[in-house]
Amino acid sequence: NNSFNSNEKDPDGYIYIYGYLSSKNNIEEGNQLIVSRVKEENFTNLDEWKFFNGKEFVDDIEQVSPLVSHVSCELSLHRDGDKYIVVFTYDTQSRYIAYALGSTPYGPFEETRIAYVCPDNYCPHMYLYNAKAHPHLSKEGNILVSYNINTSNFEENIKFGRTYGPRFIDL
């Protein structure tokens, strides 16, 4: 929410809506972050949503352009100082927590960086997912990031109880 009612630094009057683009024709890029925006008073009117095509916001969703590649289905994007930071699990389910920095809520974003590699290996089928930042819970100079771990094997969930649940790191 970067509307004039948001209490954000230097608001531009828009609410930004993020999603991801998946394409079987571009599988090497993984899920790609995309964005639309709308004025707060028009939020419920989908005809007013505009989609970023890499240069400007346009009416046609088919022209949308990716901002960041290899993002997960759940992520976070917030302002941190003079930059915007998107935090996510690299490639949806992996041992990597990644981030990218941008100059606006719609980029351009710098190259994705791996910030953390999960060292845990409680069981053979463990996976990590849903990394996101929590700036409202973060201490000055750090960004609190949560991620979840689980196993795809039900018996391992019973045998290794520590496998399922959230974890936290400071970025």
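Sorting the segments 58-69, 133-144, 89-100 by their mean number of nearby beta carbons within 10 angstrom, highest to lowest, gives 89-100, 58-69, 133-144.
Taking 8 Å as the Cα distance limit and 6 or more residues as the minimum spacing, I'd like the relative contact order of region 57-171 as a percentage. After rounding, I find 20 percent. Matching the structure-derived log10 I(q)/I(0) by the Debye sum over Cα atoms at q = 0.11, 0.17 Å⁻¹ against the labelled list (i) -0.52, -1.07; (ii) -0.41, -1.00; (iii) -0.46, -1.07 gives the label (i). Overall, the chain carries a charge dipole of about 620 debye about its Cα centre when +1 sits on the Cβ of Lys and Arg and -1 on the Cβ of Asp and Glu, all other atoms neutral.
Tell me, what is the FRET efficiency for Leu144 and Ser103 to the nearest 0.05, using R0 = 30 angstrom and their Cβ-Cβ distance as r? So, using R0 = 30 Å, E works out to roughly 0.80.
Between the amide H of Leu144 and those of His134, Ser138, Lys139, Leu171, distances stay under 5 Å, these residues lying 5 or more places away or on another chain, with hydrogens modeled in the peptide plane. The distance between label points at Tyr122 and Asp82 comes to 4.3 nm (points 7 Å beyond Cα on the Cα→Cβ vector). Taking every alpha-carbon pair under 8 Å whose residues sit at least 6 apart, region 2-96 reaches a relative contact order of 20 percent.
Spin-label model, Asp12 to Leu46: label points 7 Å out along the Cα-to-beta-carbon direction sit 2.4 nm apart.
Around Ser146, with a cut-off of 13 angstrom between Cβ atoms, what is the net charge of the other residues, counting Lys and Arg +1 and Asp and Glu -1? Charge balance near Ser146 sits at 0. Here the label points at Glu111 and Asn1, each 7 Å from Cα along the C-beta direction, are separated by 3.7 nm in the simple model. With a Förster radius of 25 Å applied to the beta-carbon distance between Lys55 and Ile27, the computed FRET efficiency rounds to 0.45.
Every number here is computed from the coordinates shown, using simple stated rules; none is lab data. Just so it is clear, the model here is predicted, and its values are computed rather than measured. Cβ: placed from backbone, ideal geometry, glycine included. Neighbour counts: every protein chain shown.
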